[in-house]
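Here's the structure, in structure tokens; my notes come after.
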Amino acid sequence: MFADWKSTVHGKTMMARRIPSILPDLSFEEALETTKIHSIAGILPKDKPIITTRPFRSPHHTVSGTSLAGGGRIPKPGEISLAHYGVLFLDELPEFKKDALEVMRGPLEDGLVTISRVNATLAYPCDFIFVASMNPCPCGFYGSKEKECTCSPQAITKYMGKISGPLLDRIDIQIEVSPVKYQKLSDDDEIETSEKIKERVNQARNIQLNRYKNENIYSNSELSPKLMEKYCKLNDNSKKILKTAFEKLGLSARAYGRILKVARTIADLDGKENILEEHIAEAIQYRSLDKKYWKN
């Protein structure tokens with residue numbers, strides 16, 4: 001998740017912290033696995049023998065690669081494993097050390113962290129939702145209609161260059177957020193609550209659980225290339241839309257698969273059995289932001 005201007009920083013963080021409130025309920029198996037990881041790390045509360053809510057981890061930008069991935073003299077789970085079945089939020093992404101961010105590439109792809117030592121090799125699961133926020137430049141106003149950016153082109157390039165292409169490629173949804181106008185904040189119109197949103201999310205999750213009951217997976221994010229062929233079939237118009245986007249945006253094979261998974265999820269939220277043109281078009285829109293700010 002990418003933000004546009006500095007005035008939205010508190011909004012970005014607030015939105016990220018609300019994500020667990022709209023995620024599907026933890027299953028008993030997920031709760032047990034999450035509890036085991038927190039117990040191994042020694043952070044399981046004494047008055048809470050089992051974790052029943054999805055974790056939310058938000059480490060400071062000074063965190064090291066070891067603290068993120070796990071390890072140490074006595075290997076322990078890192079932040080990405082502590083976020084297992086929950087959310088890992090990195091606020092102001094370019095402020096993190098580049099080598100720390102790069103250790104996330106493998107775990108984001110595989111859902112597993114492997115720590116090798118002379119006498120043992122340990123593997124910790126890390127199936128988490130990665131959420132990040134950032135400004136488009138150091139001053140925070142590049143592209144703003146409200147205030148002029150004071151950063152030099154070199155400073156902007158250096159700032160954005162802290163985020164590598166391979167890491168960006170692993171972020172399924174990229175959204176540009178504009179400042180909220182006063183009229184919106186003071187609007188008396190009824191807004192959708194987290195409880196209402198969660199109902200729709202749970203409905204979509206139940207659709208997926210039923211669809212994949214014989215596949216040994218739980219959600220669209222776990223679809224293998226072979227299963228995508230089976231469950232993410234596109235009609236001719238959808239194929240044309242995706243082909244055009246693939247060629248114009250220069251998408252990678254990884255991005256192609258992630259667009260299909262996101263489109264499948266959008267269709268599930270819409271209550272549709274098949275992926276339609278509007279679902280694939282919406283999923284593609286979430287992959288274009290990197291072409292605006294990372295042109296090379």
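Any residue in region 176-204 that's in a loop (DSSP other than H, G, I, E, B): show its pairings with residues that are at pLDDT below 70 at Cβ separation under 8 Å, as long as the two are six or more apart or on different chains.
What qualifies is S178/D4; S178/W5; S178/T8; P179/D4; P179/W5; P179/S7; P179/T8; V180/T8.
Tell me which residues, restricted to region 188-233, are among the hydrophobic types (A, V, I, L, M, F, W, C) and more than 18 Å from K261 (Cβ to Cβ).
Selection gives I191, I197.
Touching a helix residue (DSSP H, G or I) at 6+ places or on another chain (Cβ under 9 Å), buried (at least 18 other Cβ atoms within 10 Å of the Cβ), under 27 Å from S27 (Cα atoms) and of a type in the set (G, A, S): which single residue out of A263, A283 fits that description?
Working: A283 fails: under 27 Å from S27 (Cα atoms).
Going through A263, A283 in turn, the sole match is A263.
Could you grab me the full set of residues in region 234-287 that are under 27 Å from K198 (Cα atoms) and outside any helix (DSSP H, G or I)?
Across region 234-287, the qualifying residues are D270, G271, K272, E273, N274, I275, L276, Y286, R287.
Select, from P75, P20, the only residue that is touching a strand residue (DSSP E or B) at 6+ places or on another chain (Cβ under 8 Å) and under 18 Å from I173 (Cα atoms).
On the way: P75 fails: under 18 Å from I173 (Cα atoms).
Of P75, P20, the one residue that is touching a strand residue (DSSP E or B) at 6+ places or on another chain (Cβ under 8 Å) and under 18 Å from I173 (Cα atoms) is P20.
Can you name every residue in region 211-230 that is closer than 18 Å to L269 by Cα and in a helix (DSSP H, G or I)? Even if it seems obvious, please write down each step before you answer.
The first filter runs over region 211-230 and keeps only residues closer than 18 Å to L269 by Cα, leaving 211-212, 218-223, 228.
Correct list: R211, N220, S221, E222, M228.
The values are calculated or read from the model by the stated rules, or taken from the named source; none is laboratory data. Bear in mind the structure is a predicted one, so any value in this text is a computation, not a measurement. Heads up, the Cβs are rebuilt from the backbone with ideal geometry, glycines too, and the neighbour counts pull from every protein chain shown.
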